[in-house]
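To start, the structure itself, in structure tokens.
Just so you know, all these numbers are worked out from the coordinates, no wet-lab data involved. No experiment lies behind these values; they were computed from the predicted model shown. Virtual Cβ from ideal backbone geometry, glycine too; neighbours counted across all protein chains shown.
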Amino acid sequence: MKNRVFVLLMFLISSVSLLIANPTAKRDITISGQVLHKSTGLPLEYATVAFLYKDGQVAGGGITNEKGRFSIDIPKGTYDVSVEFIGFKPQLVEDQRLNNSVDLGVMRLAEDATMLDEVEVIAEKTTVELKLDKKIYNVGKDLTVSGGSVSDVLDNVPSVSVDVEGNVALRGNDNVRILINGKPSGLVGLNSTEALRQLPAEAIEKVEVITSPSARYDAEGTAGILNIILRRSKMQGFNGAITTSIGYPLSGGISANLNYRVGDFNFFTTSGYRYRENEGYSDSKSQYYNIKEDPITGETVDLPDTYMNEHSDNERERRSYNTNLGVEWYLNKSTSLTVSALLRDSDGDSKRENHIQQFDTSKNLIAESFRVEDEERDDKVVEYALNFTKNFNDDGHKLTIDASYEDDKELEDGVIVMDGFNDETVLTDETQERFLVQADYIYPFSDTGNFEFGYRGNFNDRNTDYQVALWDASVNDFVLDQNVSNILGYKEQVNALYTQYGNMIGEKFSYLLGLRFEHTSVDIEQKTSADFREKDYNDLFPTMNLSYKMSDKQSVTLGYARRIRRPRSRMINPFPSRASLTSIFQGNPDIDPSYSNTFDVGYLNRFGKLNLSSSLYYTHATDVFNMVSFDTGNTVVVNGKEVPVVRRSPINLATQDRLGFEATLSYNPSRKWRMNGNINLFHSKIEGSYNGTSYDADNFSWFARISNKLTLPGKIDWQTRLTYIGPRENSQNKYDGMLFTNMALSKDFFDDKASVTFNVSDIFGTHNHTMETTTPTYFNESEFQWRGRTFNLSFTYRFNQSKRQSMKNRRMMNDEDGGEEQGFF
């Protein structure tokens, strides 16, 4: 399958390349001219000039230079000449017989008052746009993420939080489905947390927060969906932007978003390289009680009380390169074919120094040890994608077909030294092949009514080879530990059919109703123990999105969606893996999917310069996954002393109810001052028991963000962002709150073609994670910080587009790509 897909895509790319290898072969005349402002006589830079056949196909085109002039090669023939510029009335000169090179002279465009008003609104628009079933966060206007990563971007998106370990949560729920351009992608890779830290923020156009997904989307993700949209321009000619950055602790990178559109072909690339060094730490203090019972075996071990402190220092170095190359071929006015290839290659080193101290009941030091773990990591992802789009008319009658093949490889190789002597090696070799095929058909019954149906097949084949070798002094070498080392094969196939219908009743009420069917087949093969298991299940997922427009400024929405969370390979692997000698993780092969039903009531109001978006939501989930920690009753010898071993495992823990409220408020006192605030409050209640122990938990938590952007004298933009993540707890763990601040300054140069941005992340060094864990057999206090305060300086230069023009074109592209969306903006 891999070779066939590769050959097919290479054939398509080669065919397109041959067709465009000599784009001027038949273009034997040159047409030139100049475009001016009708009232002022000033040249209009970046005006679009196109030569059209009678059927609407583009024979050639380009954009004007800083003097408003253009020079375009086309074949001899008769054309309609189109001249357009945002904010001006377009001009169309029909039936021009062009058989020789000629200068068309001066063409003058008049201002369009309606269009100018619209552009003014765009300039003042907040960074959050609202649709019927989603919120759209426009990344390009956020200075605090310039030169950062995708994780930094997500950490600034309303309703989204990213903890210090990089785990993403939506409304406080960490089961989030992350998509790229509406589909699973190799950009996320095997380890989404690490991959999101390596991708440059400049690659992102916008982030869609979908808390009540329609039937078109995968049912995976009980919290909802984060859809990351990558940048891609559709302007004529060559345009784009390059960003370079340097930071402290040592980091640097360069990224480019480039586009070249000529005739019927649009070439695009989003590429980048990043280097980053990070330092972090963790502290842990544990007290083990004298009664220890293994909840699986029921055995009890009576040992003296033990106190243990662990301190770790972490140093990490990461290098990553990613590129997404593609060409979009406009076969005719209504049909396009896009072929793209993605490559992500990253590697790095990390070093973790762990100091363990053991104390007796009188707090006297009785043993200590030093553990050093050096790890090398190498990730490679290759993905080929094909998209076919057919627009049957301009009313939304549309067919799209997507296919992609992804090949992921991730290798982690670590060596552990205990008290100056070789102790063990750990090797994790993961590979994944994924094939995706999807078809969506939209048929408009009327100006407001749409019927849609489609299919998606997602086929994953993942293999994990985990090897632990212990030092054997008798042979003076490492020997494979057969009790821990294992090979796990995981295959998952999800075939889905969906249909949905949307319409309006009158001018104020709109609805979108859908139903999705998914058949899931999972094969789990524990090759080391010859254990093979199969799971098959069918599910229906209804969706509903309603809206009522009370006035031009007020509206109410209601959303409902049924969702699923499937256990992944690590969670079902019965062989233990360990982060340290005293802490192990063990999967549960009998864990079942978790299902949820979510209701969301939203309210939107605009009070002049003040915009309010709010929602009240409720989720009821069954068979919820929870990580349970317990003392195994086993011990390991550290420097001659026995130390208890703690195990963490996932289980289906009965039910969970979440009730929450969130609000996003934006206020623009003037064109130079913008403020945004977001708050999310939620109550979570878990009811369940395991092996006779109750894990009921009742928890209230909240998080909030405040962002302020002000234009200072000298046209310097100053932005600050304050974030607070409130305390939370469950049956065993209690997490403290976190408050941290980011700040950025930006200045434009060269007629807005270039920008310099300086930002500071976590100004006060308070973005750390502290928690307490309480079980019947031990108590633990811990603190963890992944990355401390960082400084970053970035420089952006735009080719053939100013900052303002870039924003306008981005809006045009958004409107074109999102034409079928139903909403209020």
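Some points to look at:
- Three-way shape label, segment 472-540, alpha-carbon gyration tensor, a/c 1.5: prolate
- Pairwise label distance in nanometres, F388 with N597, each label 7 Å out on the Cα-Cβ vector: 4.1 nm
- Q482 versus D531: modelled label distance in nm, points set 7 Å from Cα along the beta carbon direction: 1.7 nm
- Net length gained if the chain between E353 and T30 were fully extended (0.36 nm per residue, minus Cα distance): 109.5 nm
- Two-decimal log10 I(q)/I(0) for segment 303-402, as the Debye equation yields it once each C-alpha is a single scatterer, q = 0.12, 0.13, 0.21 Å⁻¹: -0.66, -0.70, -1.02
- V417/F764 FRET efficiency (R0 35 Å; Cβ-Cβ; nearest 0.05): 0.50
- Compared with the alpha-carbon gap, the fully stretched path from F700 to F445 is longer by 87.2 nm at 0.36 nm per residue.
- Building the convex hull from the alpha-carbon atoms of segment 241-817 and averaging its projection over directions returns 30.6 nm².
- Potential extension, R108-T361 segment - 0.36 nm per residue separation minus Cα distance: 82.2 nm
- Virtual spin-label span in nm between Y248 and K409, 7 Å along Cα→Cβ: 3.9 nm
- Within-11-Å neighbourhood charge of R606 [Cβ basis; K, R +1; D, E -1]: +1
- Remark on Y695: its backbone amide H falls under 5 Å from those of G688, S689, Y690, a criterion applied only to residues 5 or more positions apart or on other chains, H modelled at 1.01 Å from N.
- Length-normalised contact order for segment 311-447 - Cα pairs under 8 Å, 6+ apart - percent: 20 percent
- If R0 equals 45 Å, the separation of the Cβ atoms of K553 and L92 corresponds to a calculated FRET efficiency of about 0.80.
- Listed pairs K134/K508; K54/K753; K183/K549 exceeding 29 Å between Cα atoms: K54/K753; K183/K549
- Coil-residue trypsin sites (Lys or Arg not before Pro) of segment 639-684, DSSP, other Cβ within 10 Å capped at 16: R671, K672
- Cβ-Cβ FRET estimate between N691 and D657, R0 fixed at 25 Å, reported to 0.05: 0.60
- Scaled radius of gyration (Cα, divided by 2.2 N^0.38 Å) that segment 420-471 gives: 2.45
- The Rg/Rh ratio of segment 515-605, with both radii computed over alpha carbons and Rh defined as the Kirkwood radius, is 1.24.
- Residue-count net charge about N322 - beta-carbon cut-off 9 Å; Lys, Arg +1, Asp, Glu -1: +1
- With all pairs of separate Cα atoms included, segment 683-792 yields a Kirkwood hydrodynamic radius of 17.2 Å.
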